[in-house]
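Structure record follows, encoded as structure tokens.
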Amino acid sequence: MMSGVLGITDIWTYVLGTVAIVLLPGPNSLFVLSTAARRGVRTGYRAAGGVFVGDGLLMFLSAAGVASLLRAYPPIFLVIKYAGAAYLGYVGLTMLRGAWRRWRDRNDPAAPRLIDAAEPAAMRSPFRKALMISLLNPKAILFFISFFIQFVDPTYPWPALSFLLLGLIAQVASALYLTALIFAGTFLAAQFSRRRRLAAGATSAVGALFIGFGLKLAQG
């Protein structure tokens, strides 16, 4: 088998596949978009940072052989899957709680105008939230188990370089996509800062989607 570029067997197939997977709607991208829309570009990048770190850890674990462990012992993956489903449901319920606060205070001129003031304390750490969503995201885990490692030539003498290049490609694709989502959310952020009803409605919709993600994972 040909090593290709730094031990990657078919780099362009990997690039196209990675872009397609990154563009699929999922909890990571939805959380970053909703965070940027509610709280602005800077906070959106804090959430994106959590996604980058989480994906980086998954890449490292895959290179270290954890992917093989999960394939060999499916119950371990099931535990992660249900933990991820429960966490997504928790995030969704927390968002609904924040939406209710904004709706309740929509006509109160004395209520704080900042989005952060209406958020539950649990939602004021977007980096940590995004990190947990990324680490417990079955789609990301399956990507590194069934797709990521398939492009590494096992005969290549320096497989760490192969994993490094594959990880860099995935992170660049993710960074470009999340950046587009963050800046697409700037207009929404300006609208939400002035219209509490709109902010409450949008947050409720996103919270419901997260609960839907969790239920789908639990049933799948």
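The values are calculated or read from the model by the stated rules, or taken from the named source; none is laboratory data. Predicted, not measured: the structure shown is a model, and the values here were computed from it. Heads up, the Cβs are rebuilt from the backbone with ideal geometry, glycines too, and the neighbour counts pull from every protein chain shown. These area figures cover heavy atoms from the full protein model, side chains too; ligands, DNA and RNA do not enter into them. Shrake-Rupley method; radii C 1.70, N 1.55, O 1.52, S 1.80 Å.
Annotations for the structure displayed:
- Looking at ALA140, ALA118, ALA99, ALA122, just one residue is touching a Ser or Thr at 6+ places or on another chain (Cβ under 7 Å), modelled with pLDDT under 75 and either crowded, with 16+ Cβ neighbours inside 10 Å or among the aromatic types (Phe, Trp, Tyr) (or both), and that residue is ALA99.
- The set of residues in the range 143-158 that are modelled with pLDDT of 80 or more and in a helix (DSSP H, G or I) contains only PHE151.
- Flag for TYR45 being part of a helix (DSSP H, G or I) and closer than 15 Å to GLY167 by Cβ: no
- Some residue of the range 30-42 being open to solvent by 70 Å² or more (accessible area, probe 1.4 Å), touching a Lys or Arg at 6+ places or on another chain (Cβ under 9 Å) and modelled with pLDDT of 75 or more: no
- Residues of the range 182-209 that turn out to be buried (at least 17 other Cβ atoms within 10 Å of the Cβ) and either modelled with pLDDT under 90 or not in a helix (DSSP H, G or I) (or both), as a count: 13
- Condition check for LEU176: open to solvent by 30 Å² or more (accessible area, probe 1.4 Å), modelled with pLDDT of 75 or more, within 30 Å of ASP153 (Cβ to Cβ) and part of a helix (DSSP H, G or I): yes
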